[in-house]
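What follows is a short report on a single structure.
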Amino acid sequence: MIMLRGNKEQSWVGTRSLRLAAVVPLALASLPAAASELRVTIEGIRSSNGTVLIGLYDSPASFARAVEASASEGFLVDPQRFAAVALRANAAMRSAVVFSNLDPGRYAVIAFHDENGNTKLDKNFMGVPTEPYGFSNNARGFLGPPPFDDAAMELKDSDKAIRIALVYHKGAE
């Protein structure tokens, strides 16, 4: 509303400027931190059969749950995961995905090549994976998967690219 009489228009404009000066910093302070992208490249795919499954996790609990579920129901159905994707294995023997609009924080990636397409990480009778798998930071555990802290990476306000080399256990098949 604009007032047209005398000094009232000037005082309204002055008040409006003061209001804007007070509102703009508040609006800027409420903006979320800059979102980033995480590019994940999976290397060492040995065949074009099946699917490459990649899961992104933002907490130790969801990471542990995914590791536990990978051999039974598969981690793509896990509601606690931050994000997941299934990519068809390809003749180039490499797959990549970009997770975008990620807030700054700690994230870990789990990947495996589901060669037979059953959406699960197959294991032998001793519990050793018979399909290739990998973790961010190329983390490896001792007689089992690595903990979240070993696989986790800090994502700040800039984009990040990582490579995961799949692990094969010879004789586990």
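The values are calculated or read from the model by the stated rules, or taken from the named source; none is laboratory data. What you see is a predicted model; the values in this text were computed from it and never measured. Cβ placement follows ideal geometry from the backbone for every residue including glycine, while neighbour counts extend to all protein chains displayed.
Tell me the strands (runs of 3 or more DSSP E) entirely within the stretch 1-103 that contain at least 3 residues that are modelled with pLDDT under 80 and touching a His at 6+ places or on another chain (Cβ under 6 Å). I'd like the intermediate steps shown before the answer.
Working: elements: 36-43, 51-57, 83-88, 94-102.
So the answer is none; nothing clears 3.
Can you tell which of 130, 119 is in contact with a helix residue (DSSP H, G or I) (Cβ under 7 Å, 6 or more places away or on another chain) and modelled with pLDDT under 95? Give the derivation first.
On the way: 130 fails: in contact with a helix residue (DSSP H, G or I) (Cβ under 7 Å, 6 or more places away or on another chain).
Checking each option against the conditions leaves just 119.
When only residues in the stretch 84-107 that are of a type outside the set (Val, Ile, Thr) and touching a helix residue (DSSP H, G or I) at 6+ places or on another chain (Cβ under 9 Å) count, which is farthest from residue 54 (Cα to Cα)?
Of all residues in the stretch 84-107, those of a type outside the set (Val, Ile, Thr) come to 84, 86-96, 99-107.
Okay, now just the ones that are also touching a helix residue (DSSP H, G or I) at 6+ places or on another chain (Cβ under 9 Å), so 84, 86, 106-107.
Numbers: 84: 6, 86: 6, 106: 17, 107: 13 Å.
Among those that are of a type outside the set (Val, Ile, Thr) and touching a helix residue (DSSP H, G or I) at 6+ places or on another chain (Cβ under 9 Å), it is 106.
Condition first: outside any loop (DSSP other than H, G, I, E, B), closer than 22 Å to residue 73 by Cβ and of a type in the set (D, E, K, R). Now tell me which residues in the stretch 115-173 satisfy that.
123
I'd like to verify a number: residues in the stretch 138-157 that are more than 18 Å from residue 37 (Cβ to Cβ) and surrounded by 13 or more Cβ atoms within 10 Å (Cβ to Cβ), how many?
Restricting attention to the stretch 138-157, the residues satisfying the condition of being more than 18 Å from residue 37 (Cβ to Cβ) are 138-151.
Then drop every residue that is not surrounded by 13 or more Cβ atoms within 10 Å (Cβ to Cβ), which leaves 138-140, 145-148, 150-151.
Counting residues in the stretch 138-157 that are more than 18 Å from residue 37 (Cβ to Cβ) and surrounded by 13 or more Cβ atoms within 10 Å (Cβ to Cβ) gives 9.
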